[in-house]
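Down below is the structure, laid out as structure tokens.
No value in this document is a laboratory result; all are computed from the given coordinates. Since we're looking at a predicted model, the values are computed, not measured. No Cβ is skipped: glycine too gets one built from the backbone with ideal geometry, and neighbour counts run over all protein chains shown.
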Amino acid sequence: MGQTDAAFLIFGTALGTGFLAWAYSYWRATVYATMHPAAGSFLEVSGYRLHYVLQPADIGPSAPTLVFVHGASATLYDPATAFCGAFDGRVNRLFVDRPGHGWSEGGADVNGFPDRQADLIAGLLDRLGIETAVFVGHSYGASVVAALVLSHPERAAGLVFVAPATHPWPGGISWYHHLAKMPFAGWLFTRLVALPAAECLFNRSVVDVFAPDPVPDDYIARTATKLTFRPESFRNNSRDIAGLHKHVIAFQGRYGTITAPTVILTGTRDSVVLPGIHSYGLRRAIAGSDLIVCEGAGHMPHHFHRDRVVAAILGIVSADGDATLSSKGALPVAADKGDAQ
């Protein structure tokens, strides 16, 4: 076989392998989209369609509103699953797919920063006629919530940060996030490699995120987490994560201006975000904030320490002056205002 024939064979094999990888990724992405169709509603904000689920309170439109903002590699169904049935119809609950996640459009790269996502969520609240709310942000979503209250302080009746990612941290992020967000190489990576690789590594990754707590039996099915495997969603998620460090460097100095009632919850064994940097950092920055430490908990305390998170949320709502919740026995907040060890 001549050099030319060998070159054509190598080229043909690479082209065929690439096509098979693309076809597999396209097929599997379609499967996940079919398995987890959009179950909420859509509104256009600044030219982008945002997907949300609004669960109204039983006591009418005067009830307080909770807005839940999910973390990275997730959808609105993560908090919706965690808090299912937790509030007995006493509050309005709004769950939002962050831009580029679940069924919300991602759009331009600028939408990958927490402050831009905060502005889009604030625009969604405008469309829905929600003037003020108690915002609950988990992990990356906590950074979005912090940016929202800094840009729109009049919106926040209260803040609940759950395992927040809000401060600069040592080290970096996984290499594939940098690759996935690149214009051309990232396009190829997310359409040829990322999805099958994510399928192989997914179960281990979920275990690591929950550790030392176990993964709930129905977590993966109920939270539509595999929607993140879709090429564009994978890229959007990587874009978010890759830009977070730059964002928190710019914003950490402003947290001290937050005056809304604030509760921060963290697990002592969170290996995804370091409590001593993020949770204790917020506690030091936000005057009057309460820190609740869940002993032995990992990065998902809203699933395995739900009662404490719900108590914190209801405590914030009641502190804002809602007599309806107080009369129904809102749980007290057990605050720990100590410093990191």
_Which of ASP217, ASP270, ASP97 ends up with the largest GNM mean-square fluctuation for the chain, with Cα atoms connected below 10 Å?_
ASP217
*Would you look at the GNM of the chain, springs on alpha carbons closer than 10 Å, and say which of VAL69, VAL310, VAL96 moves the most?*
VAL310
*If you project the alpha carbons of the chain onto their three principal axes, what span does each projection cover, largest first, in Å?*
84, 44, 37
*Cα-centred dipole magnitude for the chain, charges only on beta-carbon of K, R (+1) and D, E (-1), debye, nearest 20*: 380 debye
*Computed over the Cα atoms, what is the radius of gyration of segment 176-311 divided by 2.2 N^0.38 Å, N being its residue count?*
1.22
*Is segment 128-202 rounded, prolate or oblate when judged by the Cα gyration tensor, a ≥ b ≥ c being the square roots of its eigenvalues, rounded requiring a/c under 1.5 and prolate requiring a/b larger than b/c?*
prolate
*Per the helix-only calculation at 222 nm, which mean residue ellipticity applies to the chain, given -39500 (n - 2.57) for every DSSP H run of n ≥ 4 and division by its residues, nearest 500 deg cm²/dmol?*
-14000 deg cm²/dmol
